[in-house]
Structures are given as structure tokens and as C-alpha cells.
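All remarks here apply to the structure that follows.
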Amino acid sequence: MVRWITLVCFAGCLTLGMWAQTSPSPAGTSAPPPAPTQQPTAPAQTPATTQQPVAPAPASQAPASTEQPNSENKPAPRETTEYPLDKFQQFSALMTGGRVPGSNWEGHVYRSGSLMRIQAPPPARSYFVVDMAKPEEHGLSISGCLKMPYLHSRTFPFFLSGPGFKYEISPVGEDTVDGHPCRVEDITAHGPKNPTYVFRFRMYEAEDLQGFPIKMEDLNQHEYRWTIHYTNVRLEPQDLTLFIFPDECQTDKDMRPVQQHHGPPPNTKAPEKPQQ
């Protein structure tokens, strides 16, 4: 069971294609040399041909060709309050990797609305049922049930939704992941309460899976650079029995050790000294 203790950042980069434009060749170069009787008119043609490269038309085209390869002229990201992953309310998949160290294992994930189920890898028989709307998670195993007011790390990035969230979406390009043609986008998610609550990551959205992000990357330059892969994605309603948990579970408070008291029990008075 994992507490949320890390923030995610990414930096997007969009490369603009370069193009070049050649200026037209001077006119009159293919004409035969003038006759000796036409020499008085030759000087009139020479200035015309030599001045053509500095004519107004080529001068107006030159700035356009220099602006295109400039990396600073990137299109502004699209700002929205609609989270693109909210459309995936029902799905199941095999997930590998995660945002926290030690989570590079393969396990099943299921989603039905605000509920997600995280299946631990075999031979473990434990799993987690997470309600992203509360937030709250229940860890279940053969030894019992534990309820905690946290979100499991493997609910990322689907939990980044709700009132007050704002998003910046920047197109990056196209790629192919595991045979799926993908649209690649960089997303910045701003939390509703804390300005430092910012998540940045890159998504590879499979076009043959309605844009499901089968791959995500952390572009934050921190020591731990995470990557998440999804395979066996099925976009269909889930069996609701997958999200059942007991009505009564232990809480994290029940798991805290009991403090040892030394000396007299609390709320007791010391014995009075006899009067002399």
C-alpha cells in the first residue's frame, strides 16, 4: 500500500519543420548577346537584372522562411477544464510500471466509474479497491481488510480529475507503440488547491483504442524517471463484483502501536504525605 508522496512533472517539446525557398533566376540570362547597334539599350537592362534580387517581393518572403525553423515559435498549449481521460470510465488492462520506485511489476487494473481495482502480482492474493472520488482505498488479503484515506499509486493518472482542475495540452506528433498508431501529447494538470500541485507527463494515445494512453512517460529530469505501459486493454463495462469490499475494515489508526506509559497511570493523584 502506497501513500502519495511525489509530484510529477514533464516538459513538452515540439519541433517545427524547416523549409527553404529559392529566389527566381534573373530574367534575360538565356537571351542571345545584343547586336552592336543595341549597345545603348544594354545598360538599361543591366540595372533591371541586378536589382531584381532586392525587389520588394523577395524581401517580403525572407522573414517567413526565417520564422519557421525558430524553436521559440511553438504553438501555445490548448487550455481546458475537460480532462481527456474522463472518457475512459470502463476498462481493464495489464499495467507495468508506476510513479513510485519498486512498482515495475505487471498487474491487472480495472475501472468502473470512480472505482478502480489494483491486483497485486502472483503469488500474492491481495488486491486494492480504490474510490477516487472520496479518496479512499481498501486493501484486501486473506488476513483481512485495511481501510485508508489515500489513493493507490496505480490510479495515476486517472485520479487527476474533478472540480478546479485545469489542463494544458500540447501536441507532440505521432508514434507507434506495440503496433498501435498513437497520437502523442504532453499534458500539464494543475491541481485546484495548491499551485505547486502540478503533474506533467507525456501520453501515447492509441488511435485504434479510442485514444487510450497505452504508454506514459515522466519527462521531469528527476533521479527516478518512470514509465507506464498498458497491454490487453479492453474498453468495456466491468463486473461490479470486482469492486466489493467488506463493510467493516480496520483503519490505519487501528494499526498504530500502543504507547507504553511509565510511572503512575494517567489521571491519578500522588498519595498525600501524612501530617506531622
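For this structure, a couple of remarks:
- Remark: 193, 134 ranked as 193, 134, counting other beta-carbon atoms within 10 Å and listing the fewest first.
- Eligible aspartates and glutamates near residue 147 by straight Cα distance, threshold 12 Å, same-chain separation 8 or greater: 131, 136, 137, 247, 248, 252, 254
- Here 142, 169 are placed in order of increasing Cβ neighbour count within 10 Å, fewest first, which gives 142, 169.
- Taking the fewest neighbouring Cβ atoms within 10 Å as the starting point, the ordered list for 236, 136, 79, 185 is 236, 79, 136, 185.
- Extension gain, residue 194 to residue 133, is 20.1 nm, computed as 0.36 nm per intervening residue step minus the present C-alpha separation.
- Annotation: the antiparallel percentage among DSSP beta bridges lying fully within the stretch 79-251 is about 95.
- The modelled label-to-label distance for the pair residue 210/residue 227, using points 7 Å beyond Cα in the direction of Cβ, is 2.8 nm.
- Normalising the average separation of contacting C-alpha pairs (under 8 angstrom, six or more residues apart) by the number of residues puts the relative contact order of the stretch 79-251 at 24 percent.
- Residues whose amide H lies under 5 Å from that of residue 100, counting only those 5 or more places away or on a different chain, are absent; hydrogens are built 1.01 Å from N in the peptide plane.
Every read-out reported here was derived from the displayed coordinates using simple, explicitly stated rules and does not represent laboratory data. Predicted model only: the values in this text are computed from it and were never measured. Backbone-built Cβ (ideal geometry, glycine too); neighbour counts: all protein chains shown.
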